[in-house]
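Please read the structure below before turning to the comments.
The values are calculated or read from the model by the stated rules, or taken from the named source; none is laboratory data. In this text, all values refer to a predicted model and were calculated from it rather than measured experimentally. Virtual Cβ from ideal backbone geometry, glycine too; neighbours counted across all protein chains shown. Note: accessible area is taken over every heavy atom of the protein model, side chains too, but ligands, DNA and RNA are not part of it. Shrake-Rupley method; radii C 1.70, N 1.55, O 1.52, S 1.80 Å.
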Amino acid sequence: MTDQLDQAQQFEEQRRSDALRDQALKPAMPFTGNCYNCTDAIEKGCFCDADCRDDYQTRIKLKGINGYV
Ligand SMILES: [Zn+2]
């Protein structure tokens, strides 16, 4: 009985620390009034459309692989 409870607790703690780590890796992007990808003026969000978001995320991933140049 107690073993099962411990496992559930451990799982919950693991899940919570994973969520915290994900948050740390992906800091919130504040609204700047401009698209993060092409710097066009926008009224809400971080990108003017899904294409810009994809472009930006691809660039961020490449940066992560190549390091900061
Ligand atoms: Zn854009």
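Note down the nm distance, to one decimal, between modelled labels 7 Å out along Cα→Cβ at Ala41 and at Arg15.
My value for the distance between the label points is 4.6 nm.
Along its three principal axes, how long is the range 2-66 when you only count alpha carbons? Whole Å, largest extent first please.
58, 30, 17
Considering only protein heavy atoms and a probe of 1.4 Å, how much of the accessible area of the range 2-66 is carbon and sulfur, as a whole percent?
After summing per-atom areas, the C and S share lands at 52 percent.
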